[in-house]
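**Student:** I am attaching a structure below and will ask some questions about it afterwards.
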Amino acid sequence: MASIVSTLGILVGTIGLFLGFYFLGTSPHVAFSIVTVTTVGVVGVLAFVRHVFFFRSDAERLGWQTDRPDWVFEVGFANLAFGAMGLVAALGSLGSKVQAVVILGYALYLFQAALLHLYRYLTEAPRSPARLWRSVVATLLFAGMMGFFGVRAWLA
């Protein structure tokens, strides 16, 4: 089930970035709102659901099985905090500076997660190419594009 929720998050985030780039030239504030709602709001809430409600299958999917899932819940709670703030910032019409801070905060969080996954990939065996691409490369690209929108929103 965690795989389905993860795929849904990737799909929503990808569509959000696509629409963000689509509207950036003609309506930047619409683009920032779309990116904030999708890549932070919806993705954050879905990550919470995945980490908290489906923690066993999520930990297995990541290769991090544990008898003490407290840390997995904590990661879920952090995602929910960002997700909720993303929804509030975009849907509450709080302006591009607030959206920029929320986008940049979540992008930094995901960048650090990608670095952790890279470390785990380099220091553990066996090495899965799928894990490298999904957990490291795709996350770095996602965080990088979010960072781009965060900076643009800040400068708007």
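The values are calculated or read from the model by the stated rules, or taken from the named source; none is laboratory data. None of the values given here were measured: they were computed from a predicted structure. Glycine also receives a Cβ, built like all others from the backbone with ideal geometry; neighbour counts cover every protein chain displayed. Surface areas here come from the heavy atoms of the whole protein model, side chains and all, with no ligands, DNA or RNA. Shrake-Rupley method; radii C 1.70, N 1.55, O 1.52, S 1.80 Å.
**Student:** Taking the Cα centroid of the stretch 112-156 and of the stretch 1-39, what is the distance between the two, rounded to the nearest whole Å?
**Tutor:** 17
**Student:** Here is a further query. Applying the Karplus parametrisation 6.51 cos²θ - 1.76 cosθ + 1.60 with θ = phi - 60° to the phi angles of the stretch 39-55, what ³J(HN,Hα) value in whole Hz is obtained for each residue in order, glycine and proline being reported as x?
**Tutor:** 6, 9, x, 5, 4, x, 5, 5, 5, 4, 4, 5, 6, 9, 7, 10, 4
**Student:** OK, next. Suppose every Lys and Arg Cβ carries +1 and every Asp and Glu Cβ carries -1, with no other charges. What dipole size does the stretch 43-85 come out with about its Cα centre, to the nearest 20 debye? Could the numbers behind the result be given before it?
**Tutor:** Numbers: 4 positive and 5 negative charges, 23 e Å.
The calculation lands at about 120 debye.
**Student:** Nothing charged except the Cβ atoms of Lys and Arg (+1) and of Asp and Glu (-1): what's the magnitude of the dipole of the chain about its Cα centre? Round to the nearest 20 debye. Before the final figure, lay out each step's value.
**Tutor:** Details: 10 positive and 6 negative charges, 51 e Å.
Approximately 240 debye in magnitude.
**Student:** A follow-up question, please. With contacts defined as alpha carbon pairs under 8 Å and 6 or more residues apart, what's the relative contact order of the stretch 22-156 in percent? Write out the running numbers ahead of the final one.
**Tutor:** Numbers: 158 pairs, mean separation 39.4, N = 135.
Rounded, it is 29 percent for the stretch 22-156.
**Student:** Going toward the positive end of the dipole of the stretch 30-103, with +1 on Lys and Arg Cβ and -1 on Asp and Glu Cβ, which of Leu80, Phe32, Val45 do you reach last?
**Tutor:** Checking the options against the dipole of the stretch 30-103, the answer is Phe32.
**Student:** With an 8 Å cut-off on Cα pairs and a minimum separation of 6 or more residues, tell me the relative contact order of the stretch 78-137 in percent. Write out the running numbers ahead of the final one.
**Tutor:** Working: 26 pairs, mean separation 14.7, N = 60.
Answer for the stretch 78-137 is 24 percent.
**Student:** Using a 1.4 angstrom probe on heavy atoms only, work out the carbon and sulfur share of the accessible area of the stretch 83-137 in %.
**Tutor:** Values: 2280 of 3100 Å².
Summing carbon and sulfur atoms, their accessible area is 73 percent of the total for the stretch 83-137.
**Student:** Give me the distance in nm between label points sitting 7 Å out from Cα along the Cα-to-Cβ direction at Trp154 and Val137, one decimal.
**Tutor:** Distance between label points: 2.9 nm.
**Student:** Only one of the listed values, [x] 47, 27, 22; [y] 58, 38, 27; [z] 45, 31, 21, was derived from the coordinates as Cα extents along the principal axes in Å; which label is it?
**Tutor:** [x]
**Student:** How much area per residue is accessible in the chain when the probe is 1.4 Å and only protein heavy atoms are counted (Å²)?
**Tutor:** Working: 8400 Å² over 156 residues.
Computed with neighbouring chains in place, this is 54 Å² per residue.
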